[in-house]
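The values are calculated or read from the model by the stated rules, or taken from the named source; none is laboratory data. Quick caveat: nothing in here was measured; it's all calculated off a predicted structure. Because the Cβ atoms are built from the backbone with ideal geometry, glycine has one as well, and the counts that use them run over all protein chains shown.
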Amino acid sequence: MPLNLDNIFGVHEQALSVGARRATVLASNIANVDTPGYIARDVDFRATLAAARDELAVHRSRPEHMAANQAAELGVRIRLSNQPSVDGNTVDMQVEKAEFMRNAMRYNASLTFIGARINGLLNAIRGGQ
Amino acid sequence: MSLFSAITTASTALAAQTIRLNLTASNIANAESLASSEEDAYRTQHAIFQSIPVGQTQNSVGEGVTVVGITRSDTPGPRQYMPNHALADDEGYVFGSNVNAAAEMADMISASRAYQNNVEVMNTSKDLLIRTLSLGR
């Protein structure tokens, strides 16, 4: 089996960076739960992850070309609220907390996969000793 | 690392909620304050929240929160006839504060819950960062 060091971690490498970005957006929503007029936002995980994976394939022949990772930056969307409040704030605290926890668990899962991959490779390098 | 800006975002919220809690404490403490004129009477104070971008980079997606100002409610407070009171004016009236104690208690609970939620965000982000840093150990 040829070993390509560029993608030994598979999708999890990009999943970590998208997960960290999503954690930031969700943290912003939780921080602004009482800010009048604040619009709740979220990251479209699937689309952003797909864009992050495609980044590697984009070839920039000139410095003026747009960096491909701008596609990933644009993954932030406005989330519709179940119960918008009178002051224009659309943050639903229970939704934000649930999504933040879910995101943290997924991040942990990716870390576990990467950790297992590192351990497996180290084991192979040491010849099982 | 985006997770650092999650922690920064949560910390801006902690600072803002602390100011809000301080104002609530001030309001409740002065709920029974009296004064000798309408202008000197204590007025309920509230913080105005506004979102601010966190981080210097263009790619930063975090938005923290800050207190941009403090409002003083202009609702008139109660005017009581207490001619023997030390603070009574020439006509024998004293002027009370316009603090609504029940509303302040509700606001305090809201602020303390928001504070707790942001502490939780900080703790979770910290745990994720520590696990990320210890990869391959």
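Which one of these is touching a Leu at 6+ places or on another chain (Cβ under 6 Å) and assigned to a strand (DSSP E or B): B:V68, B:V94? Write out each step before concluding.
Numbers: B:V68 fails: touching a Leu at 6+ places or on another chain (Cβ under 6 Å).
Among B:V68, B:V94, only B:V94 is touching a Leu at 6+ places or on another chain (Cβ under 6 Å) and assigned to a strand (DSSP E or B).
In the stretch B:90-102, what residues are loosely packed, with under 13 Cβ neighbours inside 10 Å and closer than 30 Å to A:A31 by Cα?
Taking the stretch B:90-102 and keeping what is loosely packed, with under 13 Cβ neighbours inside 10 Å, we get B:90-92, B:101-102.
Correct list: B:A101, B:A102.
Can you name the residue in the stretch B:90-137 that is touching a strand residue (DSSP E or B) at 6+ places or on another chain (Cβ under 7 Å) and not aliphatic (A, V, I, L, M) and is also nearest to the other protein chains (Cβ to nearest Cβ) among such residues?
Quick first cut of the stretch B:90-137, residues touching a strand residue (DSSP E or B) at 6+ places or on another chain (Cβ under 7 Å) only: B:92-96.
From the residues that got through so far, the ones that are not aliphatic (A, V, I, L, M) too are B:92-93, B:95-96.
Details: B:G92: 41, B:Y93: 36, B:F95: 30, B:G96: 28 Å.
The extreme case among them is B:G96.
Given the structure, is B:R72 surrounded by fewer than 12 Cβ atoms within 10 Å (Cβ to Cβ), within 30 Å of the chain's Cα centre (by Cα) and farther than 30 Å from A:N103 by Cβ? Before the answer, list the steps.
Working: surrounded by fewer than 12 Cβ atoms within 10 Å (Cβ to Cβ): yes; within 30 Å of the chain's Cα centre (by Cα): yes; farther than 30 Å from A:N103 by Cβ: yes.
Considered against the rule, which asks whether it is surrounded by fewer than 12 Cβ atoms within 10 Å (Cβ to Cβ), within 30 Å of the chain's Cα centre (by Cα) and farther than 30 Å from A:N103 by Cβ, B:R72 comes out as yes.
Determine which member of the set B:A10, B:A47 is within 14 Å of chain A (Cβ to nearest Cβ), more than 26 Å from B:D127 (Cβ to Cβ), surrounded by 15 or more Cβ atoms within 10 Å (Cβ to Cβ) and at pLDDT 90 or above.
Numbers: B:A10 fails: more than 26 Å from B:D127 (Cβ to Cβ).
Criteria check complete, one pass: B:A47.
Return yes or no: is A:T90 within 12 Å of another protein chain (Cβ to nearest Cβ), modelled with pLDDT of 90 or more and in a loop (DSSP other than H, G, I, E, B)?
Considered against the rule, which asks whether it is within 12 Å of another protein chain (Cβ to nearest Cβ), modelled with pLDDT of 90 or more and in a loop (DSSP other than H, G, I, E, B), A:T90 comes out as no.
Please go through the stretch A:113-129 and pick out each residue that is loosely packed, with under 12 Cβ neighbours inside 10 Å and either among the charged types (D, E, K, R) or part of a helix (DSSP H, G or I) (or both). Give the derivation first.
So the first thing to find is which residues in the stretch A:113-129 are loosely packed, with under 12 Cβ neighbours inside 10 Å, and the list is A:116, A:119-120, A:122-129.
Of everything in the stretch A:113-129, those that are loosely packed, with under 12 Cβ neighbours inside 10 Å and either among the charged types (D, E, K, R) or part of a helix (DSSP H, G or I) (or both) turn out to be A:A116, A:N119, A:G120, A:L122, A:N123, A:A124, A:I125, A:R126.
Kindly indicate which of B:L128, B:L87 is assigned to a helix (DSSP H, G or I) and surrounded by 12 or more Cβ atoms within 10 Å (Cβ to Cβ). So that I can check it myself, show each step before the final result.
Numbers: B:L87 fails: assigned to a helix (DSSP H, G or I).
Checking each option against the conditions leaves just B:L128.
Check the stretch A:93-108 and report whether any residue there is farther than 30 Å from B:S110 by Cα and either modelled with pLDDT under 85 or out of contact with any Pro (no Cβ under 8 Å at 6 or more places or on another chain) (or both). Walk me through it before giving the result.
In the first step, residues of the stretch A:93-108 are kept if they are farther than 30 Å from B:S110 by Cα; the result is A:108.
After this cut, where a residue has to be either modelled with pLDDT under 85 or out of contact with any Pro (no Cβ under 8 Å at 6 or more places or on another chain) (or both) as well, the list is A:108.
Among the residues of the stretch A:93-108, at least one is farther than 30 Å from B:S110 by Cα and either modelled with pLDDT under 85 or out of contact with any Pro (no Cβ under 8 Å at 6 or more places or on another chain) (or both), which makes the answer yes.
Please go through the stretch A:6-28 and give me each residue that is aliphatic (A, V, I, L, M), under 30 Å from B:V119 (Cβ atoms) and either more than 10 Å from chain B (Cβ to nearest Cβ) or touching a helix residue (DSSP H, G or I) at 6+ places or on another chain (Cβ under 7 Å) (or both), ordered by number. Give the steps one after another, and end with the answer.
Applying the first criterion (aliphatic (A, V, I, L, M)) to the stretch A:6-28 yields A:8, A:11, A:15-16, A:18, A:20, A:23, A:25-27.
Now restrict to residues that are under 30 Å from B:V119 (Cβ atoms): A:15-16, A:18, A:20, A:23, A:25-27.
Within the stretch A:6-28, A:A15, A:L16, A:V18, A:A20, A:A23, A:L26, A:A27 qualify.
Does the stretch B:50-69 include one or more residues that are modelled with pLDDT of 90 or more, surrounded by fewer than 16 Cβ atoms within 10 Å (Cβ to Cβ) and among the hydroxyl-bearing types (S, T, Y)?
Within the stretch B:50-69, not a single residue is modelled with pLDDT of 90 or more, surrounded by fewer than 16 Cβ atoms within 10 Å (Cβ to Cβ) and among the hydroxyl-bearing types (S, T, Y).
For the stretch B:113-122, indicate whether the set of residues that are farther than 15 Å from B:A10 by Cα and under 31 Å from the mean Cα position of the chain (by Cα) is non-empty.
The first filter runs over the stretch B:113-122 and keeps only residues farther than 15 Å from B:A10 by Cα, leaving none.
No, the stretch B:113-122 contains no residue that is farther than 15 Å from B:A10 by Cα and under 31 Å from the mean Cα position of the chain (by Cα).
Considering only residues that are at pLDDT 90 or above and surrounded by fewer than 19 Cβ atoms within 10 Å (Cβ to Cβ), which ones fall in the stretch A:13-38?
Selection gives A:P36, A:G37.
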